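Structure, as structure tokens:
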Amino acid sequence: MKKIVPLLVMLLLPVSIQAKKEEIKLDVKTHTFSNGLELVVVERDLSPTVSMIVRFKVGSADEHPGITGSAHLLEHMLFKGTPNIGTADYQAEIPLMEKIDRLALQLTAAIQESRSPLYRGDNSRINSLRAQIASLQDEQKKYIIKDELWETYLKNGGSGLNASTGNDGTQYYVSLPSNRLELWAYMESDRLANPVLREFYSERNVVYEERRLRVDNSPYGKLGEQFNAAAFTAHSYNWPVVGWASDLETVFREDVEKFFRQYYSPNNIVIAIVGDVDFNDVVKLIQRYFGDIPPSTQPVPPVTTVEPPQDGERRVAVRYDAEPLLSIGWHMPAGGAVDQEVFDIISSLLSRGRTSRLYKSLVEDKQLATSVNAYSGFTRFPDTFTISASPKSPHSIEEVEQAVYEEIARLAADGPTEWELQRVRNQLDADYVRGLQSNMGMAYRLADMQAKTGDWSYLIKLKEKRQAVTAGDIKRVLAEYFTTANRTVAYLVKPENDNSDAMIIKKTESTQMGAK
């Protein structure tokens, strides 16, 4: 039997990681402040730089209908500044923003009226209100110092400045020379304590346009949105991170500010700092700038809605003028739950690299698809294990879908070889190491795991669990979860090629692998 000798990459890794036998330890220090803020620090003096991530434990899953997209919208808005940053005269801005808010209320009422079945199509009031708001926003621009927060970081040696929003969290990150850490503490604490959602309605339009480009006019975005809408009938993973278009048209600044005050508070934050710093000095610095920011007076409400078990296959067809695409998903447990590590191994066995089962079969041997990918996420709530593929002309979606099921059935019946398991273990170990090589990579992974599980060291635990996965575990999980009843299938076809009715009613006995 062919064996792969694990690479001694740890000897070459320029980080403070100690490897003893198969155990990997990170020199991570933590502190929780009286207002609930969690701090995770790694002292690492390889260069006079430091990377910081402010991770808010809130994402699109914490929203509700009517304000979907608010977390992503706030990602944009928190770069707009404070009474101290981004303005030449904040007091002059206040009355203008108050007028804009009043007009926005009228605009939203007019838009809602236009959605009534009795509406007769007179948009003059809507257009007039939009013009008035635009005029006030133009007047406000006289006082706005555009991108001052960005420019301040860049002038002080900042790099990698950005932010991102997902279902489970929102994070802001930047790397700086280590002697600029106090500047970062001032800037970030100020926009946490005193954000000004200036230019809200113009930025809302920017996000609406982003949605139009990335979802409405994107085959991948369109398919992904409809797949999630079909796979989740109750849970908030149902809607896209960018939000529904109708909500982006009508959400008020006051709604988003209320969302901010409830979720974006110290008791719902993890800060991860990695680089040339001293832990005790960092604790004092964070206390000085963040310590007086009170926790939210509104308790962070948990997401209590649970997606009910799926008891029958769901299919959705998306008509779009683009090349066909296929997405297949099976419900799986949340990150940290039993068998998370097994799904990770299955994902790699199926589509990681040219020797993976789906790639070798569908792309190389049978040439049914141009690409195929399997994905298992580490999420706060139960999600889906997803396989996506692009058929290769002249082959059809039906052929590719059937071939996917055949490969899964073969893996479920025979299990992986020991050679395959060792290859995947080595790949995941290499991912783990590469992910910790840079200050930012380490900070991101520590903050993410601390936010999702309350324990940064689950990074190590998950690695160890993956190493212990057996062929029997693979076969058991495939039989339990990869069933017809637990499956959602979404496909994108050109309108002239749409045979969705035939696909929905078609019954194929060979696709019933593991059905209960």
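Here are some notes:
- Once both labels are positioned 7 Å from their Cα atoms along Cα-to-Cβ, the gap between THR470 and ASP321 label points is 5.7 nm.
- Nearest-0.05 FRET efficiency for ASP278 and ALA430, computed from C-beta distance (R0 25 Å): 0.20
- Residue-averaged 222 nm ellipticity for the chain, from DSSP H runs of 4+ at -39500 (n - 2.57), nearest 500: -13000 deg cm²/dmol
- Whole-angstrom gap from segment 353-383 to segment 430-486, using each part's C-alpha centre: 18 Å
- Rounded to 5, percent antiparallel among DSSP beta bridges of the chain: 80 percent
- Magnitude of the charge dipole for the chain, about its Cα centre and with charges confined to Cβ atoms of Lys, Arg (+1) and Asp, Glu (-1), is about 660 debye.
- Simple spin-label estimate for THR370 and ALA245 gives 2.6 nm between the two label positions (7 Å along the Cα-to-Cβ direction from each Cα).
- Whether segment 329-391 is rounded, prolate or oblate, judged on the alpha carbon gyration tensor where a/c under 1.5 counts as rounded: prolate
- Panel order for SER347, SER218, by other beta carbons found within 10 Å of each beta carbon, from fewest to most: SER218, SER347.
- Once the C-beta distance of VAL306 and SER393 is scaled by a Förster radius of 35 Å, the resulting FRET efficiency is 0.25 to the nearest 0.05.
- Nearest-20 debye value, segment 314-511 charge dipole, Cβ charges on Lys, Arg, Asp, Glu: 360 debye
- Mean-position separation - Cα centroids, segment 195-222 and segment 107-174, in angstrom: 9 Å
- Annotation: amide H of LYS392 within the under-5 Å range of ALA369, THR370, sequence separation 5 or more or interchain, hydrogens built in the peptide plane.
- Each of VAL50, GLY291, GLY169 was placed along the dipole of the chain (beta-carbon charges, centred on the mean Cα), and the one lying farthest toward the positive end is VAL50.
- Computed from phi, the 3J(HN,Hα) profile of segment 330-336 under the Karplus parametrisation 6.51, -1.76, 1.60 (θ = phi - 60°) reads 10, 5, 9, x, 6, x, x Hz, with x in place of Gly and Pro.
- In terms of surrounding Cβ atoms within a 10 Å radius of their Cβ, VAL274, VAL493, VAL300, VAL372 rank from fewest to most as VAL300, VAL493, VAL372, VAL274.
- Label selected from (i) 27.2; (ii) 29.4; (iii) 25.9, the criterion being mean projected area of the Cα convex hull in nm² as computed here: (i)
- Listed from fewest to most Cβ neighbours within 10 Å, the set PHE343, PHE252 follows the order PHE252, PHE343.
- Student exercise, segment 282-423 dipole from Lys, Arg, Asp, Glu Cβ charges, in Debye to nearest 20: 580 debye
- Furthest towards positive pole of dipole, LEU223, ILE328, TRP184, structure part the chain, Cβ charges: ILE328
- Each of SER438, GLY472, LEU428 was scored by the projection of its Cα onto the charge dipole of segment 314-511, and the greatest displacement toward the positive side belongs to SER438; charges sit on the C-beta of Lys, Arg, Asp and Glu.
- For segment 474-489, 3J(HN,Hα) per residue [Karplus equation, 6.51 cos²θ - 1.76 cosθ + 1.60, θ = phi - 60°, Hz, x = Gly/Pro]: 4, 5, 5, 5, 4, 5, 7, 9, 8, 9, 5, 5, 9, 10, 10, 10
Just so you know, all these numbers are worked out from the coordinates, no wet-lab data involved. The model shown is predicted, which means the values in this text are computed figures rather than measured ones. Please note: Cβ atoms are built from the backbone with ideal geometry, for glycine as well, and neighbour counts cover all protein chains shown.
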